[in-house]
Amino acid sequence: MRNDKLTRLLGPLGLGAVVAFVIGFLILNDNNVPGKNASAAAVVSYYQTHSMRETWSLYIIAAGVILMAFFIGGMRTVLRKANEAHSWLADTALVGGILFIAGFSTTGFLQWTLISAAHNGQAQLAGNLNFLSQSIQLPAQAGIVVLAAAAGLAIVLGSDIPAWLGYVALAIAVVAAIGPIGLIGVLVMPIWMTLFGFVVGARTAPRTVGGQRPAMGHRMTLRHHH
């Protein structure tokens, strides 16, 4: 797939990830999940009763993470092209995205193992996994901080992407870095990604009337011929 086509797909990719996360985290979540200090018996009882719903939730969230991985790869390409003088920021954003996906995937793996342990009546293991899966958000949160900060700086330091996207990303990075409220930044970031995707996708879409649209990263200049 060509870079320009992937750029136009960033909006749908981000939106698909948001929809998957909403379904997996909100619609399929009954808000009665045992806390990390719940007893092992309570953890086993809950996941034995809700194993099917929790399993489907993991599948849907995994689909969202896969979409997010393709989005982050495309976003790096867009940022490098839009700000070639600071292309290292696009690479740093990619590193943050990898850290976010790795942390997210680790939590999902622990959750999957927890469901299996509860199904097989491994109460002590289920209790430990429940505590661990709810205490390991730091890698994903750190990934969001790096991703949002690097993307925001890449946008505001000389790119032709609307500056407000960069400032919003920097604000998200600050919020995500503050421990107690960091989860807000993690939740808002996929929405920002969706906005980013549709904005840059619209800017790179071919025009049907009036000629071609200039490529991102290259501002138009006027030359006078004598």
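Expressed as an acute angle from 0 to 90° and rounded to the nearest 10, what is the orientation of the C-alpha long axis of helix 51-82 relative to the principal long axis of the chain?
20
Would you please put 152-159, 22-29 in order of how densely packed they are, using the mean number of other Cβ atoms within 10 angstrom per residue and starting with the highest?
Per-residue Cβ counts within 10 Å, averaged per peptide and sorted highest first, yield 152-159, 22-29.
Accessible area per residue for the range 122-200 in Å², computed with a 1.4 Å probe and the full protein assembly in place, what is it?
Normalised by residue count, the accessible surface of the range 122-200 is 43 Å².
Using Cα springs under 10 Å in a Gaussian network model of the chain, which residue among 185, 73, 35 shows the largest mean-square fluctuation?
Looking only at 185, 73, 35, the biggest GNM fluctuation is shown by 35.
If you count only protein heavy atoms with a 1.4 Å probe, what accessible area per residue comes out for the range 39-98, rounded to a whole Å²?
Ligands and nucleic acids excluded, the result is 47 Å² per residue.
Compute log10 of I(q)/I(0) for the range 1-76 with the Debye formula, placing one identical point scatterer on every Cα and leaving out solvent, at q = 0.13, 0.23, 0.25 Å⁻¹, to two decimals.
Listed by q, the Debye log ratios stand at -0.51, -0.96, -1.05.
Using helices alone, what [θ] at 222 nm do you get for the chain, with -39,500 (n - 2.57) per DSSP H run of 4 or more residues, divided over all residues and rounded to the nearest 500?
After summing the helix terms and dividing by residue count, I get -25000 deg cm²/dmol.
For residue 106 and residue 2, FRET efficiency with R0 = 41 Å and r from the beta-carbon atoms, rounded to 0.05?
Efficiency, rounded to the nearest 0.05: 0.80.
Using a probe of 1.4 angstrom, how much of the accessible area of the chain is carbon and sulfur, in percent?
Answer for the chain: carbon and sulfur cover 66 percent of the accessible area.
The values are calculated or read from the model by the stated rules, or taken from the named source; none is laboratory data. This one's a predicted model, so the numbers in the text were calculated from it and none came from an experiment. When we count neighbours, we look across all protein chains shown, and the Cβ atoms used for this are built from the backbone with ideal geometry, even at glycine. Accessible surface is based on the protein model in full, side chains and every heavy atom, while ligands, DNA and RNA are left aside. Shrake-Rupley method; radii C 1.70, N 1.55, O 1.52, S 1.80 Å.
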